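Participant: Take a look at this one; I'll ask things after.
Coordinate-derived values only; no laboratory data. Fair warning: this is a prediction, and the values are worked out from it, not measured in the lab. Glycine gets a Cβ as well: all are built from the backbone with ideal geometry, and neighbour counts include every protein chain shown.
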Amino acid sequence: MKPQYFLITIAAFTLYFLSDLFAPFLKAIIVAVLLSVATGSMYNLIKNGSKTNLATTIYMTIILSAVFFIPLVYFIFNIVGFVNGIDQEIIMNMYGYTKDLVHNIPDQYSGIKEQLILLLEKVDVRVILEKMISFAAFVGKNSASFMIDMVMILIFYFFINLYKTSLSTYLIELVPLNHDDSETLFRESSNVMSIVLYSILVTAVFEGLLFGIFITFFGFDGILLGVLYGFASLIPVIGGALMWLPLAVYEIVTGNISDALIIAAYSIIVISFIADTIIKPMIIKYINLKVVKNPTQINELLIFFSIVAGLSTFGFWGMIIGPAMVTFFISIMQLLKKYSNDVI
């Protein structure tokens with residue numbers, strides 16, 4: 001047996017046991033690595049004005065906490081606090097008021113009246129309240145583990161950035177490709193990760209501002225609901241509806257039907273259609289061409305759908321994992337095509 005085959009066999013067994021050893025931290029490590037790759041351009045920018053690598057790493061960890069993790073904690077605690085603060089008696093009274101309001105609709109609108117009555121009969125307010133309380137309990141129960149995950153991600157992110165230069169050099173040399181191809185593989189993944197992270201942050205802030213400023217005119221807390229909408233918008237298809245639909249229902253229940261229609265129309269047309277469907281791919285394209293140092297050749301729509309697929313499959317962290325998998329696979333296919341042509 002050749003020495004390299006023996007070493008590969010030993011390495012495979014060792015890797016298997018190492019995966020078991022670090023299993024509790026594996027997801028945190030993967031996310032931290034991807035975040036480090038995604039923020040590489042920002043890291044280099046700060047490093048140019050910083051004195052030491054340690055100072056740059058500290059700045060990057062603080063920035064990541066401020067723009068990414070602190071709003072998440074804010075989101076979790078406000079959701080739990082909001083649901084726990086619901087007065088069930090008031091909700092039941094509002095439901096009764098709504099039924100009376102529908103029954104008092106003039107007979108000339110009998111078609112609409114009958115449909116609304118049938119709809120209200122299907123609504124079981126007590127069951128809905130029970131599910132909301134169960135959801136709050138579930139979020140509260142899992143928020144501790146989620147916060148532990150975030151702390152672990154920040155710790156791994158700090159050390160990965162601190163030793164980024166030596167780690168990247170070692171990994172590039174370890175890959176059995178020539179130096180240029182190895183750099184191309186890692187650079188392409190880094191570029192797409194940067195595009196994904198920056199586009200997520202920009203669109204979440206953009207859509208949150210659109211909703212927060214708009215909803216302030218109806219007497220709601222624009223800051224809180226803007227932050228909540230920004231994170232809810234990351235959920236595919238139904239994300240925005242999780243925010244505007246309850247508010248529209250609330251306005252209907254309180255008798256402000258025109259306000260409910262305005263909220264629904266604005267959220268669907270301006271945010272869901274124009275901002276999310278039309279402007280978001282444009283933001284991805286702009287970041288790709290203007291912000292990232294070496295623009296990637298991967299189509300911005302593919303990046304967009306890989307974000308959606310990642311969120312659907314892997315949950316919250318899928319918005320980073322999904323594009324990373326797609327990018328890495330495409331980069332490998334391009335290199336495979338190159339080596340196949342060389343052989344021919």
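Participant: Could you compute the FRET efficiency for Lys51 and Ile257, with r as their C-beta to C-beta distance and R0 at 41 Å, rounded to 0.05?
Facilitator: So the FRET efficiency works out to roughly 0.10.
Participant: For Ser267, Ser306, Ser50, what's the fewest-to-most ordering of other Cβ within 10 Å of each Cβ?
Facilitator: Listed from fewest to most nearby Cβ atoms, that is Ser50, Ser306, Ser267.
Participant: For Glu251, Glu114, what's the fewest-to-most ordering of other Cβ within 10 Å of each Cβ?
Facilitator: Glu114, Glu251
Participant: Please go through the stretch 1-73 and write out the trypsin sites (Lys or Arg not before Pro) that DSSP classes as loop and that have at most 16 other C-beta atoms within 10 Å.
Facilitator: Hits after loop and neighbour filter: Lys51.
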